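The values are calculated or read from the model by the stated rules, or taken from the named source; none is laboratory data. Bear in mind the structure is a predicted one, so any value in this text is a computation, not a measurement. Glycine also receives a Cβ, built like all others from the backbone with ideal geometry; neighbour counts cover every protein chain displayed. Note: accessible area is taken over every heavy atom of the protein model, side chains too, but ligands, DNA and RNA are not part of it. Shrake-Rupley method; radii C 1.70, N 1.55, O 1.52, S 1.80 Å.
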Amino acid sequence: QAQLVESGGGLVQAGGSLRLSCAASGRSFSSGAMAWFRQAPGKEREFVAAIRGNSANTYYVDSVKGRFTISRDDAKNTGYLQMNSLKPEDTAIYYCAARNLDAVRTGIWDYDFWGQGTQVTVSS
């Protein structure tokens, strides 16, 4: 059974950094796009970043451009989200997602597999 498991969340001060990991198991995700979404309390889940298979292209929401970097290591079946210069408004549960197709999409309904989420809290 395909499964995604996030790790690396935690509490950090504003300006700090965290690196989230998304370990996939049960099947290879190398041919499809992977993405990170986040959901803050009382808000809808929103797209953060995505990467195509073979790391061909990356895409970011404007609010994280220049601060976050998405990457993947298909040999390890693992995706990453490096988050620098964190702000209190980045506080949310961060979810890893993967889809069977390579084309990047920003909608939650476009992704076939989801992790359980990892909490990121940025204090001011």
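Observations on the structure shown:
- Failed criterion for Pro41 (all others in (1) at pLDDT 95 or above; (2) more than 17 Å from Arg99 (Cβ to Cβ); (3) out of contact with any Leu (no Cβ under 8 Å at 6 or more places or on another chain) hold): (1)
- Residue satisfying all of: in the range 98-124; polar (S, T, N, Q) and not in a strand (DSSP E or B); modelled with the lowest pLDDT among these: Asn100
Residues checked against (1) in contact with a strand residue (DSSP E or B) (Cβ under 7 Å, 6 or more places away or on another chain); (2) touching a residue at least 24 places away in the same chain (Cβ under 8 Å); (3) buried (at least 17 other Cβ atoms within 10 Å of the Cβ); (4) not small (Gly, Ala, Ser):
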| site | (1), (2), (3), (4) |
| --- | --- |
| Asn54 | no, yes, no, yes |
| Asp62 | no, no, no, yes |
| Asp74 | no, yes, no, yes |
| Leu86 | yes, yes, yes, yes |
| Asp90 | yes, yes, yes, yes |
| Ile108 | yes, yes, no, yes |
| Gly115 | yes, yes, yes, no |
| Thr118 | yes, yes, yes, yes |
| Ser124 | no, yes, no, no |
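- Residues that are of a type in the set (Lys, Arg) and closer than 23 Å to Gln119 by Cβ do occur in the range 66-77.
- Per-region count, the range 25-38, residues under 15 Å from Asn54 (Cα atoms) and surrounded by 22 or more Cβ atoms within 10 Å (Cβ to Cβ): 4
- Test result for Gly79, more than 10 Å from the chain's Cα centre (by Cα) and open to solvent by less than 50 Å² (accessible area, probe 1.4 Å): no
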